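The structure under discussion appears below in the form of structure tokens.
The values are calculated or read from the model by the stated rules, or taken from the named source; none is laboratory data. Predicted model only: the values in this text are computed from it and were never measured. Neighbour counts run over all protein chains shown; Cβ positions are idealised from the backbone, glycine included. Only protein heavy atoms, including side chains, enter the accessible area calculation; ligands, DNA and RNA are left aside. Shrake-Rupley method; radii C 1.70, N 1.55, O 1.52, S 1.80 Å.
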Amino acid sequence: MANKKKRTEKKTSVIDLLPYIFIVAVVPLIVYLHIDDLDPAEDAIWKTRDFYPDLLSYCKSLWFRIASAFGLCLFAFRIIQGRVQLKQRLSLYVPAAVYIIFIILSTVTSKYASIALSGFVARYEGMLVLVFYIINMLILFNVIREEWQIQFLLKSLLVSACVISLIGLTQFAGRDFFQTGLGKSLILPAEFVESELSFNFGTMVYGTLSNPNYMGSYVALVFPIAVMIVLMSEKVALRSGAAVLSVLLLVNLVGSGSDAGLVGLGAGAIIAAVYFLRKYRKYLFRNKIIVILSVAIVLAAGGFLTREMVSRFEAESAQTYYLEDITFNKGSARIISSTETLEIRFTEEQLTFYDAEGNNLHVNVKEGETGINITFKESAYQCYRLKVTEDVLEIRNGDVGFFIRLDGGSLRLVGINEDETNRIVKPEAIDVKGYEKVGSARAYIWSRTIPLLKNTALAGYGPDTFAIVFPQNDYIGKINAYNTPLMIVDKPHNMYLQIAINTGILSLVAFLAIIVVYLVTGIKACFLNHAAGRISQYGAGIFIGICAYLVAGFFNDSSIAVAPVFWVLLGIGFACNIMAASDMDGHRKSAVSHEQRQ
């Protein structure tokens, strides 16, 4: 009878896990075309069309919400049945509740409530998604009570990671699976299968995720778990599969070109080294050759990464052309750079050019197939390349390029979504002059984002509204950061700034409180636990992955492609910490009892 009861409880628990198996294993794999009609606020800053063909995010968000809603209903049913008892952990419940409250508050007070509810185009991480992140974590914390449940979820995650990595491998090889006939038939409705399909990632690896940067965050999160399975699994097939997956994940990370992923994984490697040195130092130091080789590899890898980061910083901070300002006055425009000023006058359908002192510049004019090409004879202006096509003047200097509309006696800068202006806006910003390109323009984004925080002490602008409140008309800044004013900045490339802007600084404090509780319980249960069982080892792998993801979060933002996996693992991690701590307490009591008997 007892065995029958145990089988029944286990079967019920499997059903309870199904929504979360779907979230970690299926949702990241979903790639399917959805034509999204834009909200007016989105249309004002997005592409020139009033719709967006989304392949990589909308359906992920939709199915995540469906699975999460099903999981919540199932959990509530189990509570009513009395099959699940809530664990006592106010230190987790309080900040989680506060976070949810400020997410909802930021939504209902937002000027863009409809977007805050469902999410911005191409991202779809609105209020419902954010709230479900937290609820999923709490549910898993309460549902997971046995080792097999952890194994089931982690194995599902690794199978999914293997599929993503294999697809990423085709992209790394320049043979993107989604560009093949079979690939297109899986992700496009029948009427679009013959259409041309292209992603703006070049040869960078993105797998099934919405950006190569997110591949970096995904690898940082999953790789430590795969490695831990290699080290602790007793089944040869599972160890071999996890080892192969580990290699595939590293290949995908390299192919993605994600510096954030590298930094996150580097931080994870340091934490892993601390873990293994503390846990197994007496075994590790028996073989001095292995120790010396390991230290040499770590130092070499650290030196390589440092050299790459320094060289990248030097390259991005060495701007050959820096635009200070563009001013307009009736039929003239002054292009003011750090080295010279080019004045353009347009009168009686004629263009003339002058330097800062008003001296006429001599030009070379050549008719081209698509317009009139203009260069200058003066040495200070020889890097300029101008082209007139109908009523548009294109101005280029090196990699920098922008357009000016020639309209009767008026000149206007052409901006995003066909915006045209003769009044250049310079928003409040932290001074990063000359360093806008650093970190793939992260320095620029952060310098314009941080001043926005003064309005988000209590509530944020609304979930997923960053792209709307960011100063998209900062054309001078964008030219210096991206070489064009036409770039749309739709994410802050920093998870913590993203939370503070979208849902408020207090919500960020609540999120950090959740993380601090997890880190403290994780260190006690997994790093300081001398009765290291399998639960503790699973917990350590998850702990290292979450820490790596959090470090990558300083350079990447939350996304529907990876965040659902993070929050599920966080819930599993909390459960592992409680279970491992319980094992540790049991070990201590057993040891005390043994000593007393002696």
Quick count over segment 558-584, residues being of a type outside the set (A, V, I, L, M, F, W, C), touching a residue at least 12 places away in the same chain (Cβ under 8 Å) and either closer than 15 Å to V516 by Cα or open to solvent by 10 Å² or more (accessible area, probe 1.4 Å) (or both), is 5
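For every residue, the table says whether it meets (1) β-branched (V, I, T); (2) free of Cβ contacts under 8 Å to residues at least 60 places away in the same chain; (3) more than 26 Å from W46 (Cβ to Cβ).
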| position | (1), (2), (3) |
| --- | --- |
| F132 | no, no, no |
| I139 | yes, no, yes |
| E147 | no, no, yes |
| L182 | no, yes, yes |
| L186 | no, no, yes |
Legend entry - Residue within segment 48-55 that is part of a loop (DSSP other than H, G, I, E, B) and open to solvent by less than 60 Å² (accessible area, probe 1.4 Å) present: yes
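May I ask you to verify whether Y475 is touching a strand residue (DSSP E or B) at 6+ places or on another chain (Cβ under 8 Å) and surrounded by 23 or more Cβ atoms within 10 Å (Cβ to Cβ)?
Working: touching a strand residue (DSSP E or B) at 6+ places or on another chain (Cβ under 8 Å): yes; surrounded by 23 or more Cβ atoms within 10 Å (Cβ to Cβ): yes.
Criteria met by Y475.
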So the helices (runs of 4 or more DSSP H) completely within segment 158-270 holding 3 or more residues that are surrounded by fewer than 16 Cβ atoms within 10 Å (Cβ to Cβ) are 181-187, 236-256
message = For the structure I just gave you, tell me whether L105 is in contact with a helix residue (DSSP H, G or I) (Cβ under 7 Å, 6 or more places away or on another chain), modelled with pLDDT of 95 or more, closer than 29 Å to L56 by Cα and surrounded by 14 or more Cβ atoms within 10 Å (Cβ to Cβ).
response = no
Of the residues in segment 387-407, those that are surrounded by fewer than 16 Cβ atoms within 10 Å (Cβ to Cβ) and in contact (Cβ under 8 Å) with a residue 24 or more places away in the chain come to G398, D399
Flagged pairs (Cβ under 8 angstrom, 6 or more apart or on separate chains; first in segment 1-24, at pLDDT below 90; second part of a helix (DSSP H, G or I)) are K10/W148; T12/R78; S13/V143; S13/Q149; V14/F152
